[in-house]
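Only the coordinates and a few stated rules stand behind these numbers; no lab work does. Computed from a prediction, not measured in an experiment: that's the story for all the values here. Cβ placement follows ideal geometry from the backbone for every residue including glycine, while neighbour counts extend to all protein chains displayed.
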């Protein structure tokens, strides 16, 4: 979708806040010049004046891991990005959505690698606002919820690092399409609240305009079921608390 299409949809649906989070996976995306961020940032900056009733953030979804984290953060520092989402998509070029990578690594080792990488990025990352789709691997690989949650110690440490970094946990509604629930599982959201976490952002992970804001009603119910009554948005780098 184009930025214009996205904002026209926001107007139609009376969506007043949107963050554009173009994908950037250094070391993985190599077939095209994905990282012409100057043009992207300039285009978002221009439409802000055309849509004064919509709060628009210029953001990025950075696919990071232990091997590209330093390079990614060095690049991001050179751009005026207002919202940075860290996501774990791959390890050393092996995508976590790939059946071939899963089979090569092995069932247990692939999941262990996933948690090792995620804990690394949230611990050593210096400039990020949110962690996207914490249980991304469950979209694509044959792990049960119980297997995933058996890494309770690592998951709680990941959540603890988010709290220390004043970074938000994303409730990602794209999970409803493949998992019949938002990301992450309710158990993880409850652990986050028990640890004292309260920074929650809602994202639709939209790849076309019609998906923007999709299933947000379910996301709000998900958050309330975990014992929270607020979600957050960013304004000039500051977290704004909003009632559900």
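Across the range 166-191, the qualifying residues are those that are over 17 Å from residue 138 (Cβ atoms) and crowded, with 19+ Cβ neighbours inside 10 Å, and the one among them that is farthest from the chain's Cα centre (by Cα) is 167. Just to be sure, is residue 87 touching a strand residue (DSSP E or B) at 6+ places or on another chain (Cβ under 8 Å) and either more than 23 Å from residue 217 (Cα to Cα) or in contact (Cβ under 8 Å) with a residue 60 or more places away in the chain (or both)? Judged against the criteria, residue 87 is a match.
Table: residues versus (1) without any contact (Cβ under 8 Å) to a residue 60 or more places away in the chain; (2) surrounded by fewer than 18 Cβ atoms within 10 Å (Cβ to Cβ); (3) more than 22 Å from the chain's Cα centre (by Cα); (4) under 21 Å from residue 205 (Cβ atoms).
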{"residue": "5", "(1), (2), (3), (4)": "no, yes, no, yes"}
{"residue": "15", "(1), (2), (3), (4)": "no, yes, no, yes"}
{"residue": "27", "(1), (2), (3), (4)": "no, yes, no, no"}
{"residue": "42", "(1), (2), (3), (4)": "yes, yes, yes, no"}
{"residue": "53", "(1), (2), (3), (4)": "yes, yes, yes, no"}
{"residue": "61", "(1), (2), (3), (4)": "no, no, no, yes"}
{"residue": "64", "(1), (2), (3), (4)": "no, no, no, yes"}
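For the range 206-216, residues that are touching a residue at least 60 places away in the same chain (Cβ under 8 Å) and in a helix (DSSP H, G or I) total 2.
Results for (1) over 16 Å from residue 169 (Cβ atoms); (2) surrounded by fewer than 19 Cβ atoms within 10 Å (Cβ to Cβ), shown as yes or no for each residue.
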residue: 193; (1), (2): no, yes
residue: 201; (1), (2): no, no
residue: 205; (1), (2): no, no
residue: 210; (1), (2): yes, yes
residue: 219; (1), (2): no, no
residue: 223; (1), (2): no, no
residue: 229; (1), (2): no, yes
residue: 235; (1), (2): yes, yes
residue: 241; (1), (2): no, yes
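In the range 118-205, which helices (runs of 4 or more DSSP H) lie fully inside it and hold 1 or more residues that are touching a strand residue (DSSP E or B) at 6+ places or on another chain (Cβ under 9 Å), closer than 18 Å to residue 89 by Cβ and in contact (Cβ under 8 Å) with a residue 40 or more places away in the chain?
Values: elements: 145-149, 152-164, 175-179, 186-194.
In the range 118-205, the matching helices (runs of 4 or more DSSP H) lie at 152-164, 175-179.
In the range 98-110, what residues are out of contact with any strand residue (DSSP E or B) (no Cβ under 7 Å at 6 or more places or on another chain) and part of a helix (DSSP H, G or I)? Walk me through it before giving the result.
Pass one, the range 98-110, residues out of contact with any strand residue (DSSP E or B) (no Cβ under 7 Å at 6 or more places or on another chain): 98-100, 102-110.
Across the range 98-110, the qualifying residues are 99, 100, 102, 103, 104, 105, 107, 108, 109, 110.
A single entry from 57, 113 fulfils the requirement of being in contact with a strand residue (DSSP E or B) (Cβ under 9 Å, 6 or more places away or on another chain), crowded, with 18+ Cβ neighbours inside 10 Å, at negative phi and in a strand (DSSP E or B): 57. If you go through the range 206-225 and keep only what is more than 25 Å from residue 3 (Cβ to Cβ) and in contact with a strand residue (DSSP E or B) (Cβ under 9 Å, 6 or more places away or on another chain), you end up with 220, 222, 223. Within the range 76-97, the set of residues being surrounded by 16 or more Cβ atoms within 10 Å (Cβ to Cβ) and not in a strand (DSSP E or B) comprises 76, 81, 82, 88, 89, 96.
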